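To keep things clear, I will list the structure first and then write my remarks on it.
Quick note: the coordinates plus some simple rules give every number you see, no bench work behind them. As the structure is a computational prediction, the values presented were derived from the model and not from experiment. As a convention, Cβ positions derive from the backbone with ideal geometry for all residues, glycine included, and neighbour counts pool all protein chains shown.
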Amino acid sequence: MLSPETLQAFVRGEREAFVEVFRAHGTIVVAVVARFWAGAFDREEAMQEVWLHIWKNRGGVDPARCGELAGWIATVARRRCIDLLRARKSERGLVDIDETELATAPLPDPVERQQVAVAVAAFTATLSKAWRPFFDLCFVQGQSYEEIGVALGIGKLRCKYMKKVLATQARRDPALMAALARTAGGRRAP
Amino acid sequence: MHPEREIERYVVEGLPPEAEEQLRRHLRDCASCRARYDAEQQLAAALAGDTDGPAPAAARALEARLLGAVFPATKAARRPWLALFEGLLWAPRPALAGAAAVFAVLVLVVVVVAAPGAPGIAATVVRSQGAEVVSAGQRTALTPGAAVPALDVVSVPRGGMLELSLERGGGLRVFSQTALVLGRRGETVALDHGKIWCLPEEGRGTFEVTTPTATARVLGTSFIVVAGNDSTDVRVVSGAVEVKGADGRGRVVVHGDEGTKVARGQSPTPARRTSVTADTNEWQRLWDSIVQGLKEGIESIGRGLSGGTK
């Protein structure tokens, strides 16, 4: 839980406090947005809108009630998602829509998720020992090239090359691509 | 054209900020490329072991974009005078707007005087009724032939009007109850609220109108911008205008007899057929009523004089 001092700094508009709140409660917004949009791009755009909205309305945060921040963020995020969807639908000339009908993104299917996890494990099993640590740092942990460079003692350019090679290999893995294509997100892909 | 390679590169390696912004603009408008991007991100998220949330790299990129939007230090450096107005003139709503405007002007005057290559004259008044310019806290009535300095707040009260000849070439018609600031040589207009009719001369380079919720960039044309508290309407009389939301969100090209609306924090709506006759007639009525008022004034003076001689 974030400290009252952090929340006070957040309400005052301090950058570092905003980053702390974003990192601490990012998953809440991810989860809320995922109920309304299925595509990664739409979700990213919505998340940006939601966080901007949270920032603009940070005056509504009570620093003395740290425990309520997560709930407040979830409520604000949900309201903002509904507003965004309503705005989009009204642009297309549609009349107002019931809130319950707006959350249309499919829930993740545990079976599909398991199939993807198995396919990814099979893919990583094909990687040589030299490439596995890089895969883990880069794709799983999401470290920057600088951090990976320090950890593995390789240059930034080498990191870039390795990431590109692994991404191409993954795209060419038929079992992995088939598992992804069976998911709700994959069925929408071209 | 669908930039598939660019999308792959963006997801795997990332792109420089300008290229990223350009690609994201394209993704907003192109469903096919958006689906390609979604598939790439889905693969990246799966490799990270989480198919539900964004991949770590995408989450980091989102954080960077968000910080850029919330704390736009680089944008301010690009157009400092406009950023200053965005912060000082637009942020506080009506109650504080006057005080903020005066403060902004004071700050800007310092900037203008101190900065090398100060912006100078932005426009010359062609005709005016009740319009004023606020410079260093001093209100000066704008009369025909008067120079309008860049970065000073120009305001037109209820029942007034103002027509300007821009230094860059072309004209600007300012309707009543409007406040704006002109940039260097009248190449940019920061419209705080109200309505303007833009008639920039073609082939003279850039001309851009920024409101609290949108930016309209001329592509050779005549167009009307109405800025309210929470939205901006752009209606094109002739030619074409590129309209974006604040922060460069979305991109819509609006042609003659079409319009778009930009709500706060949103992308512009798709261009729709609209009539500009009401706007052009309003301008004509405004001008006719002022001419009529002048005529009646002159006639009454004439009657007074002839009565006096009798």
Under Karplus coefficients 6.51, -1.76 and 1.60, residue-wise ³J(HN,Hα) of segment B:141-154 in Hz, glycine/proline x: 5, 8, 10, x, x, 6, 8, 9, x, 5, 6, 8, 7, 9
Average beta-carbon neighbours from other chains, 10 Å sphere, peptide B:58-64: 5
Hull-based mean projected area of chain A, where the convex hull spans the alpha carbons, in square nanometres: 14.1
Relative packing of B:210-218, A:60-68, which averages over residues the other C-beta atoms within 10 Å, highest first: B:210-218, A:60-68
Rel. contact order, % - alpha carbon contacts under 8 angstrom, at least six apart, segment B:120-280: 14
Footprinting exposure proxy for B:280, A:124 (fewest neighbouring C-beta atoms within 10 Å first): B:280, A:124
Sorted by Cβ density within 10 Å, fewest first, the residues B:1, B:161: B:1, B:161
Fewest-first sequence of B:148, B:252 by Cβ atoms within 10 Å of each Cβ: B:252, B:148
Highest average packing first - A:126-133, A:78-85, Cβ atoms within 10 Å: A:78-85, A:126-133
Range of Cα positions in segment A:110-188 per principal axis (Å), largest first: 38, 23, 21
Hydrodynamic radius by Kirkwood, which averages 1/r over all alpha carbon pairs of segment B:185-307, in angstrom: 15.6
Shielding by partners, peptide B:174-181 (average Cβ within 10 angstrom, other chains): 0
Test item: B:159-170 mean partner chain Cβ contacts at 10 Å: 0
Note, ³J(HN,Hα) from phi for segment A:135-143, Karplus 6.51, -1.76, 1.60, rounded to Hz, x at Gly and Pro: 4, 5, 5, 7, 7, 7, 8, x, 6
Amide hydrogen neighbours beyond the local backbone of residue B:189, cut-off 5 Å, H modeled: B:183, B:208, B:209, B:210
